[in-house]
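K.L.:
One structure follows; several queries about it will come next.
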Amino acid sequence: MDMVSKSFTQVRYWRRRRRMTARGGGGRSVAMKMKVKRLQKLIPGGKGMQADRLFLRTADYILHLQSQIHILQALAKFYQPSASASASASV
């Protein structure tokens with residue numbers, strides 16, 4: 001393949017690709033919409049929310065879940081029987 005036909009083929013490829021993305025084709029926008037819909041189902045209050053607000057709500061929800069995990073870990077550590085208390089109880 002000579003240089004001219006190779007560059008012409010590349011130009012056709014990029015033009016076709018640009019046309020597809022401008023029309024919303026190529027599957028990317030469909031896949032993105034499906035992922036947003038799936039995320040809307042996971043996040044409380046996320047149904048019908050716009051993507052930008054949904055991403056902010058998702059970040060807040062992740063922080064909320066992380067704080068719950070830290071609190072539960074602290075409670076488990078607090079209520080865990082200590083080694084000295086179990087040794088004195090067995091005597």
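Computed from the coordinates by the stated procedures, all read-outs in this text should not be read as laboratory data. Since the structure is predicted, the reported quantities are computational estimates derived from the model, not experimental observations. So basically every Cβ, Gly included, is an ideal-geometry build from the backbone, and we count neighbours across all protein chains shown.
K.L.:
Taking the highest mean first, how do the peptides 50-59, 67-76 order by number of other beta carbon atoms within 10 angstrom per residue?
P.N.:
50-59, 67-76
K.L.:
List, in order, the whole-Hz ³J(HN,Hα) value for each residue of segment 64-80 obtained from phi through the Karplus relation with A = 6.51, B = -1.76, C = 1.60 and θ = phi - 60°; use x for Gly and Pro.
P.N.:
Listing the rounded values in order: 4, 5, 5, 5, 4, 4, 5, 5, 5, 5, 5, 5, 5, 5, 5, 8, 6 Hz.
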